[in-house]
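Since the structure comes first, as structure tokens, the remarks are kept for the end.
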Amino acid sequence: MTQLQTVKKAAAYINKKTKNFKPETALITGSGLANSVPALDNKIVIPYAEIPGFLRSTVAGHSGNLIFGEYKGKKIAVMQGRFHYYEGHPMPILTMPVRIMAKLGVKLLVLTNAAGGVNKDYRPG
């Protein structure tokens with residue numbers, strides 16, 4: 001299956017599960033923020049394991065859910081955790097969720113991380 005076919009299959013599955021919910025904005029959370037999803041209206045949660053072609057999140061603190069809902073009248077999608085190159089995944093697979101979000105209609109993408117913030121020995125500079 002080509003990457004484009006995988007993106008289309010995943011987007012079709014998500015559209016079916018969300019009844020064609022069209023998020024305008026997507027948030028991809030990293031370590032420390034994966035469980036900081038704001039209260040969403042009309043929330044729909046899809047575990048990554050259910051989505052065709054989606055990887056499973058293996059990093060501690062990454063819940064592994066794709067969440068859809070409305071926040072202050074805006075339609076959003078939230079990835080609770082993401083996948084990393086250091087986990088041994090090839091780059092085309094790592095970028096798949098972003099391609100899927102674009103296929104779903106997302107125009108604004110926000111990514112978070114905790115670069116260095118997970119080491120308890122580090123102190124603010």
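State whether one or more residues within the stretch 80-103 are surrounded by fewer than 20 Cβ atoms within 10 Å (Cβ to Cβ), modelled with pLDDT of 90 or more and in contact with a Lys or Arg (Cβ under 8 Å, 6 or more places away or on another chain). The answer is yes, given that some residue of the stretch 80-103 is surrounded by fewer than 20 Cβ atoms within 10 Å (Cβ to Cβ), modelled with pLDDT of 90 or more and in contact with a Lys or Arg (Cβ under 8 Å, 6 or more places away or on another chain). For the stretch 2-16, taking the residues that are without any contact (Cβ under 8 Å) to a residue 40 or more places away in the chain and open to solvent by 90 Å² or more (accessible area, probe 1.4 Å), the one that is nearest to Met96 (Cα to Cα) is identified as Leu4.
Determine, yes or no, whether Ile14 is among the aliphatic types (A, V, I, L, M), in contact with a Ser or Thr (Cβ under 9 Å, 6 or more places away or on another chain) and modelled with pLDDT of 85 or more. It is false that Ile14 is among the aliphatic types (A, V, I, L, M), in contact with a Ser or Thr (Cβ under 9 Å, 6 or more places away or on another chain) and modelled with pLDDT of 85 or more.
The values are calculated or read from the model by the stated rules, or taken from the named source; none is laboratory data. In this text, all values refer to a predicted model and were calculated from it rather than measured experimentally. Counting neighbours? That spans all protein chains shown, and the Cβs are built from the backbone with ideal geometry, glycine included. Areas reflect the complete protein model, heavy atoms only, side chains present, ligands, DNA and RNA absent. Shrake-Rupley method; radii C 1.70, N 1.55, O 1.52, S 1.80 Å.
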